[in-house]
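S.K.: Could you have a look at this structure, given as structure tokens, before my questions?
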Amino acid sequence: MEPLRVMTVFGTRPEAIKMAPLVLALKEREGIDCVCCVTGQHREMLDSALKIFGISPDYDLSIMQPGQSLSSIVSRTLHGLDDVLNEAAPDLVLVHGDTSTTFAGALSSFYHKIMVGHVEAGLRTYDRYSPYPEEMNRTLTGDLSSLHFCPTGQNRKNLAAEGISADVFVTGNTVIDAMKYTVKDNFEFFSPVLRDLKNNGRRTILLTAHRRENYGQPMQNILDAIVDIVTEFEDVDVVYPVHLSPSVQSVVYPALGDIERVHLIDPLDVDELHNLMAQSYLVLTDSGGLQEEAPSLGVPVLVLRRETERPEAVKAGTVKMAGVERQAIYDMTAELLTSSVSYEKMSRSVNPYGDGHACRRIIDAILWKFDRGGRPEEWSGE
Ligand code: UD1
Ligand code: UDP
């Protein structure tokens, strides 16, 4: 029998980190010919993730432009994928999550009448402008997909409420698989700033903020709250690997560049980021991925957004919504810095997002769909 040709299409940092263990597992599985295509929606941040996992893409569309518009990401991806899909002729295309690469990859595959599998399916906030444009990207991708790989049971329920119930599998999130490659005891940091943070006796707050819906006043509120926090708490360092988007860099550096004990650094390789998170006291973030990673390391998270599509860790008590108002962010952070009772309640290690075997389940489900294996075992996560 001819091997099943499975093509992965991804383009940004979070997609790369979460698809990397799946690419590696697909390459190892007998009976599958894995083809890796990247759009290059991100350049440096994508390449950093590919390097850490030792992946060399078969196709690279190199679409990134400085300050790119959403339309340009989608149109350049559609255009680039035409030739790639014609040449590689995969049996199945796998896309991940909710970026513009995800949506364009699924749409292009549909135009080519190639089956689409959606990894990290079924996350919803039910607000089409928050996160923007991700909520719409993932809803449209769900409609275009024939196989849906949900991290949790809640994600499956979300799809069922939209009438999507065939070929939906609860697998856990592949990010937990990825962390098996990156998180190490006695990890040696490359960056001198991180080496110093480990040994200076102060508490580290890891901060990331990059979301489009936080541009403008919400971002300003977040940055003001950070100044308040380091001014009030002298035993705290804030480390912020600043996203390369000009819209983020142009406001973060002027606001925090000269503030004592605030360390603005370039984006980190994912192994450094995960191990920095593991030794941090607290995470403040508007990222999706960090909300999933930190709970498994027992590090509390305050989410710098008004909503989340990841309610599981909130329910488990290790993540709280801090919103985007200066005073509320300060108050909730101060509470965790001063009350050991509040801190202990949030700092238990929980794993609502997976058990590290999501990739195996996804591949089993694919082989089942193409009549090459039995019905896969699913993950029991709620
Ligand atoms: C994208 C995703 C978002 C995801 C985020 C992860 C969309 C619409 N948004 O947002 O869902 O949370 O990635 O980080 O798909 N840049 C570089 N080098 C890089 C990466 C980015 O210079 O390696 C700069 C470029 O000027 C680029 C800009 O950042 O135009 C914005 O990148 P883009 O992918 O459009 O949006 P993100 O905000 O990164
Ligand atoms: N990350 C990283 N280096 C950094 C910041 C984040 O490797 O400097 C990783 C992080 O561990 C997570 C992913 O990037 O796996 C999250 O990406 P991002 O926050 O850009 O996107 P989101 O998850 O919000 O879509």
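Nothing in this text is a laboratory measurement; each read-out follows from the coordinates by a stated rule. In this text the structure is predicted, and so the values were computed from the model without any measurement. Reconstructed Cβ throughout: ideal geometry from the backbone, glycine too, with neighbour counts over all protein chains shown.
S.K.: Within the set of other residues whose C-beta is less than 14 Å from the C-beta of residue 81, count the net charge using Lys and Arg as +1 and Asp and Glu as -1.
M.R.: Details: positive: 76, 113; negative: 58, 60, 82, 83, 87.
With Lys, Arg at +1 and Asp, Glu at -1, the net is -3.
S.K.: Taking the Cβ of residue 96 as the centre, find all other residues whose Cβ is under 11 Å away and add up their charges (Lys, Arg: +1; Asp, Glu: -1).
M.R.: Cβ neighbours under 11 Å give a net charge of -1.
S.K.: Roughly how far apart, in whole Å, are the Cα centres of the stretch 237-260 and the stretch 14-90?
M.R.: Taking the Cα centre of the stretch 14-90 as reference, the centre of the stretch 237-260 is 28 Å away.
S.K.: Cut-off is 10 Å between beta-carbons; in what order do 382, 134 appear when sorted fewest neighbours first?
M.R.: Ranking 382, 134 by Cβ neighbours within 10 Å, fewest first, gives 382, 134.
S.K.: I'd like to compare 334-340, 353-359, 48-54, 81-87: which one has the highest average count of other Cβ atoms within 10 Å, and what's the full order after that?
M.R.: Descending packing order for the listed peptides: 353-359, 48-54, 81-87, 334-340.
S.K.: So for 309, 293, fewest C-beta neighbours within 10 Å to most, what's the order?
M.R.: Going from least to most buried by this count: 309, 293.
S.K.: How long is the gain from residue 220 to residue 183 if the chain were fully straight, where each residue apart is worth 0.36 nm and the alpha carbon distance is subtracted?
M.R.: Result for the pair: 10.1 nm of gain on full extension.
S.K.: With Cβ to Cβ distances under 15 Å as the rule, what net charge do the other residues near residue 276 carry (K, R +1; D, E -1)?
M.R.: -4
S.K.: Fewest Cβ neighbours within 10 Å first, please rank 193, 35, 301, 341 accordingly. Mind showing how you got there, number by number?
M.R.: Values: 193 13, 35 20, 301 27, 341 7.
Result, fewest neighbours first: 341, 193, 35, 301.
S.K.: Let me ask something else. By average Cβ neighbour count within 10 Å, what is the ranking of 94-104, 274-284, 213-223 from highest down?
M.R.: By packing density, highest mean first, the sequence is 94-104, 274-284, 213-223.
S.K.: Order the peptides 61-68, 112-119, 234-241, 147-154 from the highest to the lowest mean number of other Cβ atoms within 10 Å of their residues.
M.R.: 147-154, 112-119, 234-241, 61-68
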